[in-house]
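Q: I'd like to ask some things about the structure below.
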Amino acid sequence: MNRVDHIGIAVRSLEDTLPFYTEQLGLVLIQTEEVASEQVKVAFIDAGNVKLELLEPLSSESAVAKFIAKRGQGIHHVAFKVKNIEERIREMKEKGIRMINEKPKIGAGGAEVAFIHPASTHGVLFEFCDKSKIEGGI
């Protein structure tokens, strides 16, 4: 892990939330997309040295919808940029760290992602994000 890739923020509605980030804060919307595997629509925002990933649930069954129902809107996760995500997962497991994803899956933008269980991180949801297999990804 050499840096934070993005901070995920759970929101009820991108349509209602985006104007705050783009109009009031003056940040730039990079892109939006749906991630069917996670049942979310995401919007990436350029916040200078880090991206913000707004996460809108597309189903009441999505993990983000359940998060909002339990905790309300707000910071959902912090994603670390990694190389060789499978090696990182193996290292965590060897150290006794509980993983939500024991194998990487495809996330937003085609990145390989895996989440560390908050029970092993003092309540914070962390994500590994590996973009090395994406054209131009590092």
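The values are calculated or read from the model by the stated rules, or taken from the named source; none is laboratory data. Every value quoted in this text rests on a predicted model; they were computed, and no experiment measured them. Please note: Cβ atoms are built from the backbone with ideal geometry, for glycine as well, and neighbour counts cover all protein chains shown.
Q: Can you tell me which residue within the stretch 18-42, out of those that are among the polar types (S, T, N, Q) and in contact with a Leu (Cβ under 6 Å, 6 or more places away or on another chain), is nearest to L125 (Cα to Cα)?
A: Here the residue is Q39.
Results for (1) touching a His at 6+ places or on another chain (Cβ under 9 Å); (2) touching a residue at least 24 places away in the same chain (Cβ under 8 Å); (3) hydroxyl-bearing (S, T, Y), shown as yes or no for each residue.
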| position | (1), (2), (3) |
| --- | --- |
| K41 | no, yes, no |
| N49 | no, no, no |
| E56 | no, yes, no |
| S60 | no, no, yes |
| K81 | yes, yes, no |
| N84 | no, yes, no |
| E112 | no, yes, no |
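Q: Something else about it: Quick check on R98: is it surrounded by fewer than 16 Cβ atoms within 10 Å (Cβ to Cβ), out of contact with any Gly (no Cβ under 9 Å at 6 or more places or on another chain) and at pLDDT below 95?
A: Values: surrounded by fewer than 16 Cβ atoms within 10 Å (Cβ to Cβ): yes; out of contact with any Gly (no Cβ under 9 Å at 6 or more places or on another chain): yes; at pLDDT below 95: no.
In short, no.
Q: Next question. Pick from the stretch 55-72 the residues that are under 16 Å from A108 (Cβ atoms) and either assigned to a helix (DSSP H, G or I) or in contact with a Gly (Cβ under 7 Å, 6 or more places away or on another chain) (or both): which of them is modelled with the lowest pLDDT? Give the derivation first.
A: The first filter runs over the stretch 55-72 and keeps only residues under 16 Å from A108 (Cβ atoms), leaving 55-58, 62-64.
Now drop any that are not either assigned to a helix (DSSP H, G or I) or in contact with a Gly (Cβ under 7 Å, 6 or more places away or on another chain) (or both), which leaves 55, 63-64.
Values: L55: 98, A63: 94, V64: 97.
For the stretch 55-72, the residue satisfying everything is A63.
Q: Then there's this: Could you please let me know if I75 is part of a strand (DSSP E or B), aliphatic (A, V, I, L, M), in contact with a Gly (Cβ under 8 Å, 6 or more places away or on another chain) and modelled with pLDDT of 95 or more?
A: Details: part of a strand (DSSP E or B): yes; aliphatic (A, V, I, L, M): yes; in contact with a Gly (Cβ under 8 Å, 6 or more places away or on another chain): yes; modelled with pLDDT of 95 or more: yes.
Criteria met by I75.
Q: When you check K81 against the structure, is it closer than 22 Å to P104 by Cα, of a type in the set (D, E, K, R), touching a helix residue (DSSP H, G or I) at 6+ places or on another chain (Cβ under 7 Å) and surrounded by 13 or more Cβ atoms within 10 Å (Cβ to Cβ), yes or no? Even if it seems obvious, please write down each step before you answer.
A: Values: closer than 22 Å to P104 by Cα: yes; of a type in the set (D, E, K, R): yes; touching a helix residue (DSSP H, G or I) at 6+ places or on another chain (Cβ under 7 Å): no; surrounded by 13 or more Cβ atoms within 10 Å (Cβ to Cβ): yes.
In short, no.
Q: Something else about it: Might you let me know whether the stretch 7-24 holds any residue that is part of a strand (DSSP E or B) and surrounded by fewer than 13 Cβ atoms within 10 Å (Cβ to Cβ)? Outline the logic, then answer.
A: First, pick out the residues of the stretch 7-24 that are part of a strand (DSSP E or B): 7-10.
Remaining after also requiring surrounded by fewer than 13 Cβ atoms within 10 Å (Cβ to Cβ): none.
The answer is no, given that none of the residues of the stretch 7-24 is part of a strand (DSSP E or B) and surrounded by fewer than 13 Cβ atoms within 10 Å (Cβ to Cβ).
Q: Turning to a different aspect of this structure: Within the stretch 61-94, can you find the residues that are of a type in the set (V, I, T) and over 14 Å from the mean Cα position of the chain (by Cα)? Break it down stepwise before answering.
A: Start the filter on the stretch 61-94 by keeping residues that are of a type in the set (V, I, T), which leaves 64, 68, 75, 78, 82, 85, 89.
Listed by number, the residues that qualify are I68, I85, I89.
Q: Does E135 fit the bill of being at pLDDT 95 or above and either buried (at least 17 other Cβ atoms within 10 Å of the Cβ) or more than 16 Å from the chain's Cα centre (by Cα) (or both)?
A: no
Q: So, in the stretch 88-138, how many residues would count as being part of a strand (DSSP E or B), of a type outside the set (A, V, I, L, M) and touching a helix residue (DSSP H, G or I) at 6+ places or on another chain (Cβ under 7 Å)?
A: As a first pass, look at the stretch 88-138 and keep what is part of a strand (DSSP E or B): 99, 105-106, 112-116, 126-130.
Pick out the ones that are also of a type outside the set (A, V, I, L, M) and you get 105, 112, 115, 126-130.
Subsequent filtering for residues that are touching a helix residue (DSSP H, G or I) at 6+ places or on another chain (Cβ under 7 Å) retains 105, 112, 128, 130.
Of the residues in the stretch 88-138, 4 are part of a strand (DSSP E or B), of a type outside the set (A, V, I, L, M) and touching a helix residue (DSSP H, G or I) at 6+ places or on another chain (Cβ under 7 Å).
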